[in-house]
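Only one structure is covered here, and it is reproduced in the block below.
The values are calculated or read from the model by the stated rules, or taken from the named source; none is laboratory data. Please read all numbers here as calculations on a predicted model, not as lab measurements. Glycine gets a Cβ as well: all are built from the backbone with ideal geometry, and neighbour counts include every protein chain shown. The area values use the complete protein model at the heavy-atom level, side chains included, leaving out ligands, DNA and RNA. Shrake-Rupley method; radii C 1.70, N 1.55, O 1.52, S 1.80 Å.
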Amino acid sequence: NVAALNAQYKILGANAATATTAIKGVGLAATATNAQMSVMTGRVAIGLQSLNQMGTAAQNWGKNMQWAGRQLVIGFTVPLTIFAAVAVKAFQDVEKEIVNLRKVYGDFGTSGEEVEKVTADILELSKALTALGFTAKETLGVAAEAAAIGYVGDELIKITEDVSKFAALGGMAQTQALNTLVSVNTAFGVSAKELAGEVDFLNAVENQTILSMQDMSEAIPITAAAIQGLGGDIRDLAVFMTAMREGGIGANEAANSLKTSLARLITPTRQATETANAFGISLDNIVNNNEGHLMDMVKELSVAMESLSDLQQQQLLSDLFGKRQFARMGALFNNLGNDASQAATAMGLTTMAAEDLAQVSEKELSALKDSGVMQLTKQMESLKLAMAPIGEMVANFITPILSFGEKMLSAFNGLDEGVKKAIGAVALVVGL
């Protein structure tokens, strides 16, 4: 029995060893599988993390692109659009006035070369006049108006320059200055070459008296013909206007009073003649002795009235100039007869040398040009003129685009009403 049991135990032990070996093999395989699963899990986690990082990077890239786009729009597109719009506007302003100048310049016999030369000269002058605060558009507009009146060649250049100088010294618009100088030119017979001297004189009067160039600008168109017809000139008018402005009379009232009253002086009523004769004054002799010399005529009457009492002076002035004008003309005669009046100062300036008057004007113009405001204006206007050719290029570029847009809109407008409504409804829905 012992031997038999011993044999069985040996067999059982061998089988158990074999089973143990098999079980160990299974364990080793399971361990290897677990290790592989752990590796795979780690790899999946790494892959998921990589995908997450790729998504974040793509999102950041999109945000950066969007930011860069906004920066390009604000820093490049918008300024470029504004620059293009300003350039086109500058080109339109200048080109419109140039076209007007070309239309009205000269006559049927004027050659195209002459028109182009004058246009170039005026454009160059407009650049120089920006130093006085005038835009190229304004200067070209004044030149076009002067050309329409009949000025050509060098005369056109000269009167445009004188008008701008007069406007700058008097603080007025160029168009107003043009109307004034045209009246001086036509009514007083002052040539274009002599206008600068008269401008210098008026500027000196403005500096020394109460009379402003604005006052003269109002008075000249009203009184020029009457003053010139009686033998006076613009300097006589300046003295008369100074005397009346000094008496507290407005420029417009003074001008109308002069126009009416001086005509009564040379054709006095019978009552005025009788009153003057009663006071020992011969109006006929005063008028006849000073024919063609208006200032001498007025001064002689003023001297003759000095011997009269205040009441007699008022009676004579009332009969001579009428009840509505005698007070204004009384101010004129009172100040003309006063050596300390501003009218006397203005009269003294009439004998001042042309060179001295020109120096006064040039000094003022230089002060204007050197001022900070004028320097800024000059640079801004020069910049606009420099942008005009670019504006022309932009205009030529966008014209075909606008033409194409017009064709597209015309084609749309030509569609059936139902189709147009359908397209509009779709656009509205997409917009919403």
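From 136, 143, 148, 87, grab the single residue that is over 23 Å from residue 390 (Cβ atoms), touching a helix residue (DSSP H, G or I) at 6+ places or on another chain (Cβ under 9 Å), open to solvent by less than 30 Å² (accessible area, probe 1.4 Å) and in contact (Cβ under 8 Å) with a residue 12 or more places away in the chain. Full working, then the answer.
Numbers: 136 fails: over 23 Å from residue 390 (Cβ atoms); 148 fails: open to solvent by less than 30 Å² (accessible area, probe 1.4 Å); 87 fails: over 23 Å from residue 390 (Cβ atoms).
Step by step, each of 136, 143, 148, 87 is checked, and only 143 is over 23 Å from residue 390 (Cβ atoms), touching a helix residue (DSSP H, G or I) at 6+ places or on another chain (Cβ under 9 Å), open to solvent by less than 30 Å² (accessible area, probe 1.4 Å) and in contact (Cβ under 8 Å) with a residue 12 or more places away in the chain.
For the range 202-212, which residues satisfy the criterion of being more than 27 Å from the chain's Cα centre (by Cα) and of a type in the set (A, V, I, L, M)? Within the range 202-212, 204, 205, 210, 211 qualify.
Of all residues in the range 151-182, how many are among the charged types (D, E, K, R) and open to solvent by less than 20 Å² (accessible area, probe 1.4 Å)? Steps first, please.
Filtering the range 151-182 down to residues among the charged types (D, E, K, R) leaves 154-155, 158, 161-162, 165.
The next check asks that each one be open to solvent by less than 20 Å² (accessible area, probe 1.4 Å); those that pass are 162.
Number satisfying all stated conditions: 1.
One residue stands out in the range 263-275 among those that are touching a helix residue (DSSP H, G or I) at 6+ places or on another chain (Cβ under 9 Å) and charged (D, E, K, R): the one that is surrounded by the fewest Cβ atoms within 10 Å (Cβ to Cβ), namely 274.
Let's see how each residue does on (1) part of a helix (DSSP H, G or I); (2) at pLDDT 85 or above; (3) among the aliphatic types (A, V, I, L, M):
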site	(1), (2), (3)
9	yes, no, no
17	yes, no, yes
23	yes, no, yes
34	yes, no, no
39	yes, no, yes
60	yes, yes, no
73	yes, yes, yes
79	yes, yes, no
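Could you check the range 281-306 and list, in sequence order, the residues that are touching a residue at least 24 places away in the same chain (Cβ under 8 Å) and more than 25 Å from residue 233 (Cβ to Cβ)? Passing the criteria: 281, 306.
Of the residues making up the range 100-111, one or more are within 20 Å of the chain's Cα centre (by Cα) and either crowded, with 21+ Cβ neighbours inside 10 Å or farther than 19 Å from residue 174 by Cβ (or both).
Can you tell which of 339, 310, 356 is free of Cβ contacts under 8 Å to residues at least 12 places away in the same chain, surrounded by fewer than 19 Cβ atoms within 10 Å (Cβ to Cβ), within 20 Å of residue 242 (Cα to Cα) and charged (D, E, K, R)? Spell out the reasoning first.
Numbers: 310 fails: within 20 Å of residue 242 (Cα to Cα); 356 fails: within 20 Å of residue 242 (Cα to Cα).
Residue meeting the stated conditions: 339.
With respect to (1) farther than 30 Å from residue 171 by Cα; (2) at pLDDT below 85, the lone exception for residue 328 is condition (1).
Here are some residues: 152, 205, 163. Which one is of a type outside the set (Asp, Glu) and within 27 Å of residue 293 (Cα to Cα)?
Details: 152 fails: within 27 Å of residue 293 (Cα to Cα); 163 fails: within 27 Å of residue 293 (Cα to Cα).
Result: 205 is the single residue among 152, 205, 163 that is of a type outside the set (Asp, Glu) and within 27 Å of residue 293 (Cα to Cα).
Within the range 42-56, not a single residue is part of a helix (DSSP H, G or I), closer than 30 Å to residue 385 by Cβ and either hydroxyl-bearing (Ser, Thr, Tyr) or modelled with pLDDT under 85 (or both).
Among the helices (runs of 4 or more DSSP H) confined to the range 287-405, the ones with at least 3 residues that are under 30 Å from residue 277 (Cβ atoms) are located at 294-305, 310-321, 326-336, 342-349.
Within the range 183-201, the set of residues being closer than 18 Å to residue 365 by Cβ, over 26 Å from the mean Cα position of the chain (by Cα) and crowded, with 20+ Cβ neighbours inside 10 Å comprises 198, 201. Take the range 276-305 and flag every residue that is open to solvent by less than 20 Å² (accessible area, probe 1.4 Å) and either touching a Lys or Arg at 6+ places or on another chain (Cβ under 6 Å) or closer than 17 Å to residue 326 by Cβ (or both). Answer for the range 276-305, where residues must be open to solvent by less than 20 Å² (accessible area, probe 1.4 Å) and either touching a Lys or Arg at 6+ places or on another chain (Cβ under 6 Å) or closer than 17 Å to residue 326 by Cβ (or both): 276, 281, 283, 298, 301, 302, 305.
Candidates are the residues of the range 245-275 that are basic (Lys, Arg) and under 49 Å from the mean Cα position of the chain (by Cα); the one that is farthest from residue 323 (Cα to Cα) is 245.
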